[in-house]
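Bear in mind that the values in this text are calculations on the coordinates, not laboratory data. Note that the coordinates shown come from a computational prediction; the quantities given were computed from them, not determined experimentally. Note: ideal-geometry Cβ built from the backbone for every residue, glycine included; neighbour counts use all protein chains shown.
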Amino acid sequence: MSLPQLAIFDMDGLMIDSERLSRKCWREAGDAFGLTFTDEFLSSITGTAICYCKKKLIQEYGLDHAGADTFFTLKNRLADEYIAKNGMPAKKGLFELLDFLDENRVTSVVATSTQRARAKIHLESAGALCRMVGMICGDEVENSKPNPEIFLKCLERWDCPAQRAIVLEDSKNGLLAAASAGIRCVLVPDLQQPDAESERLAWYIASDLADVVKVLTPAESDSGVTR
């Protein structure tokens, strides 16, 4: 295959090891509110914007809007305190992949459901902010993944046709959004293992970000590891 013109990165669980921290903070904040969150519920909101998460809290756990706002203030404070003390670890292979894309003049951008202010802090803590050409964030779109809006905006902003772009995602919601946008998606599973639909929709399922280098290298892609 020819190399893409544009590589669109999800952030949480893909570039940075934040999903485990997020679930920990959801559960700690839940304890303060007398709420218990199942893995199924937390998986259903993985990769989605804060407005969608608040809507789910209100619908499924009976919080009002003010209560949902207070919940997220607490959850975010818990996360910020952890990151200030421990930093935000980058996912395995991130910088190897970014080096490869830079060497091959592929534009690397972020499309995250996280709000811009928090996304900048998290990527800077992981040492990756300076490596990205730009970002489109959750507070800059009307519709959360699995709606394709954020990816379509990336194509428009960086003037790239869908067939010349590639999306890198860890969540099913992100994969569904990429598929709806008509963009090939490399799935790099984090906490969610791919189901049958994900296996069908993903262009390639990678073990980690370093594995993506292999699949984008022409000698490897010519040998039939992609589809």
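Mind sorting Ile183, Ile150, Ile83 by how few other Cβ atoms lie within 10 Å of their own Cβ, fewest first?
The fewest-first ordering by Cβ neighbours comes to Ile83, Ile183, Ile150.
Taking the beta-carbon count within 10 Å as an exposure proxy, list Glu140, Glu81, Glu103 from fewest neighbours to most.
Glu103, Glu81, Glu140
What lysines sit close enough to Lys145 to cross-link, taking a C-alpha to C-alpha distance under 25 Å and skipping anything fewer than 8 places away on the same chain?
Of all the lysines, those that pass the test against Lys145 - Cα under 25 Å, at least 8 places apart if same chain - are Lys24, Lys54, Lys55, Lys56, Lys75, Lys91, Lys92, Lys120, Lys153, Lys172.
Quick one: net charge around Val110, please, counting Lys, Arg +1 and Asp, Glu -1 for every other residue with C-beta under 14 Å from its C-beta.
With Lys, Arg at +1 and Asp, Glu at -1, the net is +1.
Can you give the angle from 0 to 90° between the axis of helix 19-33 and the longest principal axis of the chain, with both taken from C-alpha atoms, to the nearest 10?
10
Mind checking which of Asp195, Asp80, Asp99 has the largest fluctuation in a GNM of the chain, springs on alpha carbons under 10 Å?
Asp195
Determine the relative contact order of the stretch 19-86: mean sequence separation of Cα pairs under 8 Å and six or more apart, normalised by residue count, in whole percent.
39
Would you mind working out the magnitude of the charge dipole of the chain relative to its Cα centre, with +1 at each Lys and Arg C-beta and -1 at each Asp and Glu C-beta, to the nearest 20 Debye?
For this selection, approximately 240 debye.
Taking the chain as the reference, fit the longest principal axis to its C-alpha atoms, fit the long axis of helix 65-86 to the helix C-alpha atoms, and give the angle between the two in degrees, 0 to 90, nearest 10.
It is inclined by approximately 60 degrees.
May I ask you to list the residues of the stretch 49-69 whose amide nitrogen lies under 12 Å from a point 7 Å from Cα along the Cα→beta-carbon direction of Thr36?
Once the point is set 7 Å along Cα→Cβ of Thr36, nothing inside the stretch 49-69 turns out to lie under 12 Å by backbone N.
Looking at the chain only, what percent of DSSP beta bridges run antiparallel? Nearest 5 please.
Rounded to the nearest five, the antiparallel share is 5 percent.
Note down the relative contact order for the chain as a percent, whole number, built from C-alpha pairs under 8 angstrom at least six residues apart.
Over the chain, the number comes to 27 percent.
I need the phi-derived Karplus couplings for the stretch 175-184: 6.51 cos²θ - 1.76 cosθ + 1.60, θ = phi - 60°, integer Hz, Gly and Pro marked x.
4, 4, 5, 5, 4, 5, 7, x, 10, 4
Might you report the magnitude of the Cβ-based charge dipole of the stretch 19-86 about its Cα centre, with Lys and Arg at +1 and Asp and Glu at -1, to the nearest 20 debye?
The calculated dipole for the stretch 19-86 is roughly 160 debye.
Mind listing the long-range amide H neighbours of Met135? Cut-off is under 5 Å, sequence gap 5 or more, other chains count too, H placed in the peptide plane at 1.01 Å from N.
Val110
Tell me the label-point distance for the pair Glu142, Lys120, using the 7 Å Cα-to-Cβ offset, in nm and rounded to one decimal.
2.6
What percentages make up the Cα-Cα pair-distance distribution of the stretch 108-222 when the bins are 10 Å wide from 0?
Cα pair-distance distribution for the stretch 108-222, in percent: 14, 43, 38, 5, 0.
Please give the residues of the stretch 94-110, grouped as numeric ranges, whose backbone N is less than 19 Å from a label point set 7 Å along the Cα-to-Cβ vector of Ser2.
Counting backbone N atoms under 19 Å from the label point, the list is 101-108.
For the chain, what's the radius of gyration and Dmax over Cα atoms, in angstrom?
Cα only, the chain: 17.3, 55 Å (Rg, Dmax).
Once amide H atoms are placed 1.01 Å from N in the peptide plane, what residues at a sequence separation of 5 or more from Val167, or on another chain, have their amide H within under 5 Å of its amide H?
Amide H neighbours of Val167: Ile8, Arg184, Cys185, Val186.
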